[in-house]
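Read through the structure below, which is laid out as structure tokens, and then see the notes.
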Amino acid sequence: MDRIRIKGGRPLNGTIPISGAKNATLPLMIASLLTEDTLVLDNVPHLADVILLQRILNNHGVDVMLSGKRSGGAENSGQTVKISAANIVDTTAPYELVSKMRASFWVLAPLLARMGEARVSLPGGCAIGTRPVDLLIMAMERLGAQIDIEGGYVLARAPKGLRGGEIVFPKVTVGGTHVAVMAASLANGTTVIENAAREPEVKDVADCLVKMGAKISGAGTARIEVEGVSKLGPTRHSVLPDRIETGTYAMAVAMTGGDVLLEGARAELLQTALDVLERAGATVSATNAGVRVSRNGVGLQPVEVTTAPFPGFPTDLQAQLMALMTRAKGTSHITETIFENRFMHVQELARLGARIALDGQMATIEGVERLKGAPVMATDLRASVSLVIAALAAEGETIVNRVYHLDRGFERLEDKLGRCGAEIERISG
């Protein structure tokens, strides 16, 4: 099992290309099930989750072709994926595949909308909380689907097709919004989605569906209206840059000092997080080439942050911010409101010398003068990269174990950091 070795204490200077967003790529690939024509996606990141979703789509009879960066493309242009779901041979998504990646449960919506039926395994447990699928199922029922749960599988049927309806989410749900928009695109009539997620990835998927012929208005706001069409066609779409990767590397620069251009990043996708970084003492500026982040050695200032749906502070950057605040001059407070069990990184940061106390969903971080390297273990995707951020500023050597979590969401992490001066390497086996 791979590990990453980091020797801390080096500032970061240079350029880090920002990859395409994982959280847009996965639903975009799933949306290919809505059409018999080919969907071409550019700027797709090289990630373990993308490979896994390819296997899941293959199981339904979908032809997925991945190629490297386009000829003449920039270094951060990612790979191109051509997806053809002309012949869906199986509408069942089995447990052994769905259990490995929760987002794969979303195939329920396009399979049901296009084929009139779907049999999808319940995803099971999750390290960072229950993340129930009840709101996704509710959305399908509002569109006229008959839902039964048997033997750990959701059986969804709409033999005469889905019909437009009103979907009011009791709380903001990114997955529920993705599912509702996909299904409504092929439903008969108009669907109104209230309290919809406003995340940029939701709008990116809706923009792609519109290119395919869907009639969607309001994506990116709390009210989305979808007028169903009889079929969707082919298109080509470039995945938007990953705001979580952008925020992660921005915090790494703030932690270590230095000056880095996050090439291809778009500040408006994570303005709240960038504002927090500036309060903490970093200098952040948007340029035509991306987002530049620097810190000149002045001490970090403590902050108070509560995670919230977009445009609030992202839960996916909470662990990274906590790592940063371990070196702040004073006391910080971070309150997690999205997931009920997303502080699993705390005990690992403590191994590096961090002082963090938990009270329910609030973490109190007492900044320390120095961190010291130690062996640590990744527990989930975002927790694992928080350990990397801490290790970059720790004295001595840190070994991060179970880095397969990192490979799910960060493309070439050690290469990108290494090119900016970090002493970091992957140890295979």
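The values are calculated or read from the model by the stated rules, or taken from the named source; none is laboratory data. Keep in mind it's a predicted model, so treat the numbers as computed, not measured. With ideal geometry, Cβ positions are generated from the backbone for all residues, glycine too; neighbour counts draw on all protein chains shown.
All of ALA267, ALA252 fail the test of being modelled with pLDDT of 95 or more and under 17 Å from the mean Cα position of the chain (by Cα), apart from ALA267. Across the range 186-225, what is the number of residues that are over 23 Å from the mean Cα position of the chain (by Cα), within 23 Å of VAL133 (Cβ to Cβ) and not aliphatic (A, V, I, L, M)? Of the residues in the range 186-225, 1 are over 23 Å from the mean Cα position of the chain (by Cα), within 23 Å of VAL133 (Cβ to Cβ) and not aliphatic (A, V, I, L, M).
Looking at LEU349, is it in the same structural domain as GLY247 (by TED's automatic domain parsing), modelled with pLDDT of 95 or more and under 11 Å from PRO302 (Cα atoms)?
No: the conditions fail for LEU349.
Is it the case that ASN13 is in contact with a strand residue (DSSP E or B) (Cβ under 9 Å, 6 or more places away or on another chain), within 29 Å of ILE424 (Cβ to Cβ) and either at pLDDT below 95 or assigned to a helix (DSSP H, G or I) (or both)? Against the criterion (in contact with a strand residue (DSSP E or B) (Cβ under 9 Å, 6 or more places away or on another chain), within 29 Å of ILE424 (Cβ to Cβ) and either at pLDDT below 95 or assigned to a helix (DSSP H, G or I) (or both)), ASN13 does not qualify. The residue that is modelled with the lowest pLDDT, among those in the range 360-389 that are in contact with a Ser or Thr (Cβ under 6 Å, 6 or more places away or on another chain) and crowded, with 21+ Cβ neighbours inside 10 Å, is ALA378. All of VAL293, VAL284, VAL305, VAL298 fail the test of being closer than 20 Å to ARG198 by Cα, more than 17 Å from the chain's Cα centre (by Cα) and without any contact (Cβ under 8 Å) to a residue 60 or more places away in the chain, apart from VAL305. Looking at the range 37-58, which of its residues are free of Cβ contacts under 8 Å to residues at least 60 places away in the same chain and either buried (at least 24 other Cβ atoms within 10 Å of the Cβ) or touching a Ser or Thr at 6+ places or on another chain (Cβ under 9 Å) (or both)? Those that are free of Cβ contacts under 8 Å to residues at least 60 places away in the same chain and either buried (at least 24 other Cβ atoms within 10 Å of the Cβ) or touching a Ser or Thr at 6+ places or on another chain (Cβ under 9 Å) (or both): VAL50, LEU52, LEU53, ILE56, LEU57. Here THR335 meets the list (1) closer than 17 Å to MET251 by Cβ; (2) crowded, with 16+ Cβ neighbours inside 10 Å; (3) hydroxyl-bearing (Ser, Thr, Tyr) almost entirely, failing just condition (1).
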